[in-house]
Amino acid sequence: MFPPVEIIDQFRGCLIGLAIGDALGAPVEGLSAAAIKQRYGKVTELLPDIERQRPAGATTDDTAMMRCILDSYLALGDFDPHDIADRFLDWYRRDPVGIGLLTREACENLHYGYNFERAGHDAWQELPDNLRLGNGSLMRCAPTGLLRYHDHIRLVGESRVISGITHYDERCKLACVAQNLAIAHLMLVGVDGLLDELLEFIEPRNTVLGYALAALPQLGVRELRSSGCVVDTLQAAVWAALYCDEFAEGLTLLVNLGDNADTTCAVAGALLGARFGVAAIPQRWLDALGEAQALDDGARRLYDLSEGR
């Protein structure tokens, strides 16, 4: 049995956990598991990003885009997709680290005056199907799961719309809904019944995502894929939230898979943080994360907003 966690500490754990996962995975992004083993042995710490010449604890687009959503909610006190799209565009114009293909195309459309709905749709329409399933909206969606943890109708609607600003594909939208339903379930209930709830929502709506989630009880870490595909990322993150007994255990297992490690760990970090709370995050990782205090403050304010304060 795990001790009960206060919901405000789950808010803090979720947002900080996302950034921790991002910072943990960024230095090994693009490396295979074999290359990580050869270079580092086993990654257990936040390392400097040698390729991009960035210090240990530096985050990437995963955290930056999450903060765009968070800051919009906090500034306006409610949901405004126009404002979120404007914040994405402001961020894009600052030459961000790690931006993905679909996000870049959609932000280019925003730059040329497209509204938030058309920007994502046209970026999606211009790409072949194998490039439409990026995980760039999944990595950033956690603020909605937190703010709407007790209002699933708004959680579903806002998750879909925010995904669609850059990732219009129905599978991307549904993956964001699943991630945010998981965050809400972890805060309200814990892991009991989590997979059943996700399957009840996803299976009638998409067979690919449904199959990926239904397969989880039969999978070990070696069967997980840390790719840029939204289906693989959701599967790996939910697996970690269900079957790992510690925050650090889950992220350490996933980061050493390599490949798209920053986003896989960011999504998993949000779920693990929502499950275990901020106190479960190793202090040495918190100390290395430069954004920890800002995210902690933001999480507290988002909690107050969720409670109508």
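Every number here is computed from the coordinates shown, using simple stated rules; none is lab data. In this text, all values refer to a predicted model and were calculated from it rather than measured experimentally. Because the Cβ atoms are built from the backbone with ideal geometry, glycine has one as well, and the counts that use them run over all protein chains shown.
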Select from region 146-168 the residues that are part of a helix (DSSP H, G or I) and farther than 25 Å from ALA123 by Cα and list them in ascending order. LEU146, LEU147, HIS152, ILE153, ARG154
Regarding region 27-43, can at least one residue be identified that is surrounded by 14 or more Cβ atoms within 10 Å (Cβ to Cβ) and within 30 Å of SER306 (Cβ to Cβ)? no
Count of region 252-293 residues which are touching a residue at least 12 places away in the same chain (Cβ under 8 Å), closer than 28 Å to GLY77 by Cβ and either assigned to a helix (DSSP H, G or I) or among the charged types (D, E, K, R) (or both): 11
Any idea which of GLY190, GLY145 is closer than 21 Å to ARG87 by Cα and among the small types (Gly, Ala, Ser)? GLY145
Only residues that are in a helix (DSSP H, G or I) and farther than 27 Å from ARG54 by Cα: list them for region 294-309, please. ARG300, ARG301, LEU302, TYR303, ASP304, LEU305, SER306
If a residue has to be loosely packed, with under 15 Cβ neighbours inside 10 Å and of a type in the set (A, V, I, L, M, F, W, C) to count, how many in region 220-243 make the cut? 0
Give region 237-251 a look and list any residue that's over 15 Å from ALA33 (Cα atoms) and either among the hydrophobic types (A, V, I, L, M, F, W, C) or not in a helix (DSSP H, G or I) (or both), or say none. ALA237, VAL238, TRP239, ALA240, ALA241, LEU242, CYS244, ASP245, GLU246, PHE247, ALA248
Selection from region 218-231 of residues that are within 16 Å of ALA270 (Cβ to Cβ) and in a helix (DSSP H, G or I): VAL230
Does ASP78 meet the test of being of a type outside the set (S, T, N, Q) and surrounded by 15 or more Cβ atoms within 10 Å (Cβ to Cβ)? no
